[in-house]
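Remarks on the structure that follows.
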Amino acid sequence: MAIWVADTIAGIISLPTDKSLLIVLLSAIVGAVLWDLMTWRMGLPSSSTHSFVGGILGAVMISAGPDQVLWGWNELISSNHQVTGIVKVVMALILSPLLGFGLAFGLEKLSQILLRNATTGINNHMKKGQWIIVSLLSFTNGSNDIQKIMGILVLALAAVSGSQVHAVSVWMRLFVGLAMFIGIMMGGWQIMKTIGRGIFDIKPIHSINSQLSSLGSVFAANLTGAPVSSTQVIVGSIMGVGAADSYKMVNWTIVKEIIMAWFITIPLSGMMAAVFCLLLKALFRVV
């Protein structure tokens, strides 16, 4: 399995591969986890990708300065117009839910035309077909989400060994996959309720269209090595089918709260990571 997404995550900072990098990574993870726990308690489907990007930015800037962040601006405006670094991450996080929204909106409108004479019995066939689509969506989401964590582990292993790590072992992939599985089973129900019931009253046709659009969006991100938030893509897709079917039936109040959480995730998780990084540096007397 290619690790393009992991390479993108590992390539957003430029720090020496020594033990001090571990303090930066730990601070970034703590900042991300604290913010994720806060939004989880509120039932808001926030982005763990957003929170980690914010955490790594806050930790690196407080530890080594903004020059050690690979922003990607110079590469973007160069003659090659290369999309890399933070620019690539932010573009992916912004464009992916918009792509999910657009695909879902189009699929819902097309379904209304193709199934205008269908009976309610078609729902039974849709429910059966969902098992296949959900399985593909889960695999695609996992292949993107797991690589983000592998990117962190690659940096951590490089810090311990003092050299670049170019290969991801099988045990690392299995460990990360198991951790994600346990986390979703233990703590994901509140967010599932918000996505499944709080935004729009989803019926089988809405579910299939939102799943297909999410599948396409995340798969495209995997091919380009772009780390995206599967949660944001799915939320965008549900908003798309809702807006296409009945705009007034979408709970735009909860949508506004979710979008607000998206925008404040990076700065707030960054501040939490920066504070924790200062505490660790003072505790271990690291300059």
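Accessible area per residue for the range 51-201, computed on protein heavy atoms with a 1.4 Å probe, is 59 Å². What residues from the range 118-160 fall in the zone where the backbone N is under 15 Å from a label point 7 Å along the Cα-to-C-beta line of MET180? Those under the cut-off are 135-154. Only protein heavy atoms count here; under a 1.4 Å probe, MET271 has an accessible surface of about 110 Å². Largest first, the residues THR120, THR253, THR84, THR265 sort by 1.4 Å accessible area into THR120, THR253, THR84, THR265. Positive-end ranking of ASN74, THR119, LEU268 along the dipole of the chain, with charges on Cβ about the Cα centre, is headed by THR119. The helix-based estimate of mean residue ellipticity at 222 nm for the chain, built from -39,500 (n - 2.57) per DSSP H run of four or more residues and divided by its residue count, is -25500 deg cm²/dmol to the nearest 500.
With each label modelled as a point 7 angstrom along the Cα→C-beta vector, the TYR247-LYS109 pair spans 1.2 nm. Considering only ALA243, PHE284, VAL24, and ranking their Cα positions along the charge dipole of the chain that arises from unit charges at the beta-carbon of Lys, Arg, Asp and Glu, the one farthest toward the positive end is ALA243. Rounded to the nearest 10 degrees, the angle from helix 230-246 to the longest Cα principal axis of the chain is 30 degrees. SER214 sits with roughly 0 Å² accessible to a 1.4 Å probe, with DNA, RNA and ligands left out of the calculation.
Counting only residues at least eight positions apart within a chain, or on another chain, the lysines with an alpha carbon under 20 Å from that of LYS148 are LYS88. So what's the angle, to the nearest 10 degrees on a 0 to 90 scale, between helix 48-63 and the longest Cα principal axis of the chain? Taking the Cα atoms of the chain, the angle to 48-63 is about 20 degrees.
The fraction of accessible area contributed by carbon and sulfur in the chain is 70 percent, rounded to a whole number (1.4 Å probe; ligands and nucleic acids excluded). Among GLY58, ILE202, LEU137, which residue has its Cα positioned farthest towards the positive end of the charge dipole of the chain, with +1 placed on the Cβ of Lys and Arg, -1 on the Cβ of Asp and Glu, and the dipole taken about the Cα centre? Looking along the dipole axis, the top candidate is ILE202. Pick the calculated semi-axes √(5λ) of the Cα gyration tensor in Å for this structure from (1) 36, 19, 18; (2) 73, 22, 13; (3) 29, 22, 20? So the structure-derived entry is (1).
Using Cα atoms only, what is the angle between the long axis of helix 85-114 and the major principal axis of the chain, expressed in degrees (0 to 90) to the nearest 10? Helix 85-114 and the main axis of the chain meet at about 10 degrees. The heavy atoms of ILE62 present about 70 square angstrom of accessible area, all protein chains included, probe 1.4 Å.
With +1 on each Lys and Arg Cβ and -1 on each Asp and Glu Cβ, how big is the dipole of the chain about its Cα centre, in debye rounded to the nearest 20?
Working: 16 positive and 10 negative charges, 123 e Å.
Dipole size: approximately 600 debye.
The values are calculated or read from the model by the stated rules, or taken from the named source; none is laboratory data. These figures come from a predicted structure and were not determined experimentally. When we count neighbours, we look across all protein chains shown, and the Cβ atoms used for this are built from the backbone with ideal geometry, even at glycine. To get the accessible areas, we keep the full protein, side chains included, count just its heavy atoms, and leave off ligands, DNA and RNA. Shrake-Rupley method; radii C 1.70, N 1.55, O 1.52, S 1.80 Å.
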